[in-house]
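A.B. asks: Dropping the structure in here first, questions after.
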Amino acid sequence: MPRFIARSLAVILLGAPILLLIITTASFDPTRFARLPTMSQHIGLKSRAVGLSHHVINSITPDFALKTILSGPPSFVACMVIAFILPCLFPDLATWLPDLVMGAAV
C-alpha cells in the first residue's frame, strides 16, 4: 500500500471515533459528513501546497519536469472544490443518487 494512502487512512481512522461523537451530538447526518474528510484529503493530495501525488508521479516518470506535472491538477482541484461545496450548500444532493437507486432510508 503506498504511503500516501496509508497516511490518509490513518488520519481518517484516528479521527473518526472522536468526530462521530461530535457529529451525532450535534445531530448531523454521519453519512453526509463522512465524505468531508475523504474529499478534503484528496484535494490536499492534488493541490500544490502538499502535492504528494505530484512527487509520486514525478518519481514514476522522471523525464517530465515537476513544473509540467504541477500545471495539470489545478482544474481537477477546482472541480473537486465545487464537488465539495455543493453538497454543503444543498445537503440532499449528497444522498440523492443512493436514494434513487436503493430507495429512501426510513
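A.B. asks: Test residue 81 against the stated conditions and say whether it is farther than 12 Å from residue 32 by Cβ, modelled with pLDDT of 85 or more, touching a helix residue (DSSP H, G or I) at 6+ places or on another chain (Cβ under 8 Å) and surrounded by 12 or more Cβ atoms within 10 Å (Cβ to Cβ).
C.D. replies: When the stated conditions are applied, residue 81 passes them.
A.B. asks: Looking for something in contact (Cβ under 8 Å) with a residue 24 or more places away in the chain and of a type outside the set (A, V, I, L, M, F, W, C) - is there at least one such residue anywhere in region 58-70?
C.D. replies: No, region 58-70 contains no residue that is in contact (Cβ under 8 Å) with a residue 24 or more places away in the chain and of a type outside the set (A, V, I, L, M, F, W, C).
A.B. asks: Go through 72, 103, 44 for me and flag whichever is at positive phi and either surrounded by 15 or more Cβ atoms within 10 Å (Cβ to Cβ) or small (Gly, Ala, Ser) (or both).
C.D. replies: It is 103.
The values are calculated or read from the model by the stated rules, or taken from the named source; none is laboratory data. These numbers were taken from a predicted model, which means no experiment stands behind them. All Cβ positions, even for glycine, are placed from backbone atoms using ideal geometry, and neighbour counts span all protein chains on display.
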